[in-house]
Amino acid sequence: MSTGSGADSAPAPTALDKTPAGKSSMFSSLKIRNYRLFASGAVVSNTGTWMARITQDWLVLSLTGSSAAVGITTAMQFLPMLLFGLYGGVIADRFAKRKLLFCTQGAMSISGLFLAALTLSGNVQVWHVYLAAFFTGLVTVVDNPTRQSFVSEMVGPDQVRNAVSLNSANFQSARLVGPAVASGLTAAVGPGWAFLANGLSFLAPLTGLLLMRTSELHPTPRKPRGKGQLREGLNYVSKHPELIWPIVLVGFVGTFGFNFPIWLSAFADDIFHGGVGMYGLFNTLMAIGSLVGALLAARRGTSRLRVLAGAAIAFGVLQMVGAFAPELWMFVALIVPMGILGLTVNVTANSSVQMATDPEMRGRVMSLFMMVFTGGTPLGGPLFGWLADAYGVRVSMAVGGLICALAAVGVGLMLARAANLRLKLDLRRGQQHVQFVPREQLATAA
């Protein structure tokens, strides 16, 4: 594994690291002025984004009555990431990230205002929602890797793990507010106002970017225009198992496990016969769990890959249990821990990959990460929407959980192999029954 040089270098996590995880101040990144501006603007725009996302899903379900149509909407938003995601990373590595974010955040504002105008005028149709979702997805192709890699430029290498975790906590905090406000607005005056709030919310991050002190940034070297940069990024990842396997795992989780817009809307409508308020409640509970998971990750000083594999296994198992919960209170009780485990997988994989990547390659590597994580949604969304329509949402959610759990077991074994570890079973009383140990230790014991 190669590392960066100079001040930009950072220690990479060891696969299945067995050393105790250190703890850091939960909000240490917020001591940095530029990051405070970034985080303040993000919480406003994230709240608008969640308002629009919840309203969008419910609007499509109301117009069509089909879970598959909700899946198609989700797929349209993430299809550009699947098709063009790697090129977004090349762009992020080639241009100044702060200037790129001005362009992408402004474009997302335009998309929100477009959908608001159609909805408030009473002319919105399902294909309009598909179009807005696809356009947002195109912008996200550049915005995601730029935003992810810009974090290290704001806080420096020592605070990357903490800042990544706080970004997730920021997003999930907005998720607590957004669904509740969106549900209230939709029930009271219709969905158009939620879309309008989303469009206007991007003024906050644009203002934050404008007020940043560029002299306090930690700019990474920009990659000059040239041939083979996309191939260079793929070759780089292929030589580092500590990058490959976390990316593979988040691909499985993103494709098969993160289809909650389909599942939660169908559970609220078909299983428990609630309305948009119940759907908003489910999303709020998921956000509480995700926020807890993000804050717990912010306290960890290291990103241990065995935590990644273990959390992904538990996430899949919990989905299978929740899929067949017979009562509303049982299902509600499982949503929060599902959110905790899902966010633990996401944050641990994200920070592990960032810290193990050379700074000049970070944009391309993070574009691959985001392409794999969100790019599977165009496949998973329609598939699990169809499963929900054809066989019921319980079967759909259980299948997704099973695939996630099996993938996590496989990736955990591959990470252990990459770290030259073997699984040791010890059934004696008082001993740790299952653990990973170095191969040499097993040979000595034999």
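The values are calculated or read from the model by the stated rules, or taken from the named source; none is laboratory data. Keep in mind that what you see is a predicted model, and the values were worked out from it rather than measured. Note that we place each Cβ from the backbone using ideal geometry, even for glycine, and neighbour counts take in every protein chain shown. The accessibility values were calculated without ligands, DNA or RNA, using every heavy atom of the protein model including side chains. Shrake-Rupley method; radii C 1.70, N 1.55, O 1.52, S 1.80 Å.
Points worth noting:
- Screening 395, 347, 365 for residues that are open to solvent by 40 Å² or more (accessible area, probe 1.4 Å) and in contact (Cβ under 8 Å) with a residue 24 or more places away in the chain leaves exactly one candidate, 395.
- In the set 243, 281, 308, 295, only one residue is assigned to a helix (DSSP H, G or I) and more than 24 Å from residue 157 (Cβ to Cβ); that residue is 281.
- From 234, 206, residue being over 27 Å from residue 352 (Cα atoms), of a type in the set (A, V, I, L, M) and open to solvent by 30 Å² or more (accessible area, probe 1.4 Å): 206
- Some residue of region 403-418 being open to solvent by 60 Å² or more (accessible area, probe 1.4 Å) and touching a Gly at 6+ places or on another chain (Cβ under 7 Å): no
- Which listed residue, of 215, 173, 121, is surrounded by 16 or more Cβ atoms within 10 Å (Cβ to Cβ) and of a type in the set (Gly, Ala, Ser): 173
- Unique match (being open to solvent by 20 Å² or more (accessible area, probe 1.4 Å) and assigned to a helix (DSSP H, G or I)) among 68, 75, 52: 68
- Contact annotation: residue pairs with Cβ atoms under 9 Å, 6 or more positions apart or on different chains, pairing a residue in region 229-249 that is without any contact (Cβ under 8 Å) to a residue 60 or more places away in the chain with a partner that is among the polar types (S, T, N, Q), are 239/2; 244/238.
- Residue check: residue 129 meets all listed conditions (1) modelled with pLDDT under 80; (2) closer than 18 Å to residue 117 by Cβ; (3) of a type outside the set (Phe, Trp, Tyr) but one, namely (1).
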